[in-house]
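Notes to accompany the following structure.
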Amino acid sequence: MRKIPILVADDHPMLLKGLLQELEEKGYTNLLPAHDGAEALEILLNEKPILAILDIEMPILNGFEVIKKATLAALPAKFILLTSHKEKGIVLKAKELNISGYLLKDEPFSEIENCIRTVLKGGTYFSKTFNAVFNTVIAPELEKLKLLSPSERTIIRLVALEKSSKEISDNLSISLRTVEKHRANIISKLDIDKGKDALSSWSIENKELILSV
């Protein structure tokens, strides 16, 4: 198992070097380093490694873009994201890609090794922080969004895209009064603060969640 090809991609030279050294010390002998997303994708296409450990923020192609392109090419790799990000928008994007693992860079190396072992056996392994963000923040908000009617979902998507009530009225060919009524209903159903611009602020902050429903 430790001889299988593993792609390791990170644009920070010291972090990449340290991770490669840790893996080598644990007996992994077929490591394929990449310094940016384009190089990572090229290795995936040419070498077809079984496992890929990717940073999210990389030049040319980020980790999400690499995974999407590899998936479209029907490549066999299973993906682990190793990142510093734990924002709910990033966590949601990762969840939607059906990755096999998600770890934070400040976690001990033993977590990475546990993740690799689990993924190679066909399982999934996610950071406790990843699971906490998804289960306690994202999932409840997604459930609330499902309470909205189709018309309300259309309205909140446009709000998230920073359209004004007047622009929404014009785009949907409905009255401004109807738009404001929908906005009031959305605020009530989502239990959002009723202060000025509260819905706009909430919608922009949760744009990824809104557009995923």
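What follows draws every value from the coordinates through simple rules; no lab data is involved. As the structure is a computational prediction, the values presented were derived from the model and not from experiment. Using ideal geometry, Cβ is built from the backbone for each residue, glycine included, and neighbour counts are taken over all protein chains shown.
Taking amide H positions as modeled 1.01 Å from N, with prolines and chain starts lacking one, the residues under 5 Å from LEU81 and 5 or more places away or on another chain are LEU54, GLY101, TYR102, LEU103. Applied to the range 66-78, the Karplus parametrisation 6.51 cos²θ - 1.76 cosθ + 1.60 on θ = phi - 60° returns per-residue 3J(HN,Hα) values of 4, 5, 4, 5, 5, 5, 4, 8, 6, 6, x, 5, 9 Hz, with x for Gly and Pro.
Would you kindly calculate the translational diffusion coefficient of the range 146-212, applying Stokes-Einstein with the Kirkwood radius from alpha carbon pairs, for 4 °C and a viscosity of 1.567 mPa s, and quote it in µm² s⁻¹ without decimals?
After rounding, the answer is 111 µm²/s.
Put simply, the amide H of VAL8, placed in the peptide plane, has neighbours under 5 Å in LEU32, ALA34, ILE53, leaving out anything fewer than 5 places away on its chain.
Along the range 145-155 the Karplus relation, 6.51 cos²θ - 1.76 cosθ + 1.60 evaluated at θ = phi - 60°, assigns HN-Hα couplings of 4, 5, 6, 6, 6, x, 5, 5, 5, 4, 4 Hz to successive residues, with x for each Gly and Pro. In the range 119-213, taking the dipole from charged Cβ atoms about the Cα centre, the farthest positive-side position among LEU142, ILE210, THR124 is held by THR124.
Ordering ILE99, PRO59, LEU23 by Cα displacement along the dipole of the range 1-122 toward the positive end leaves ILE99 in first place; charges were set at the Cβ atoms of Lys, Arg (+1) and Asp, Glu (-1). In the chain, the DSSP-assigned H stretches of four residues or longer account for a calculated mean residue ellipticity at 222 nm of -16000 deg cm²/dmol, using -39500 (n - 2.57) per stretch and the full residue count as denominator. Remark: the range 1-117 carries a charge dipole of roughly 500 debye about the Cα centre, counting +1 on each Lys and Arg Cβ and -1 on each Asp and Glu Cβ.
Dipole check for the chain: with +1 at the C-beta of Lys and Arg, -1 at the C-beta of Asp and Glu, and the Cα centre as origin, the magnitude is about 900 Debye.
Mean projected area of the Cα convex hull of the chain, taken over all directions, amounts to 13.4 nm². The range 55-128 and the range 163-180 have Cα centres separated by 40 Å.
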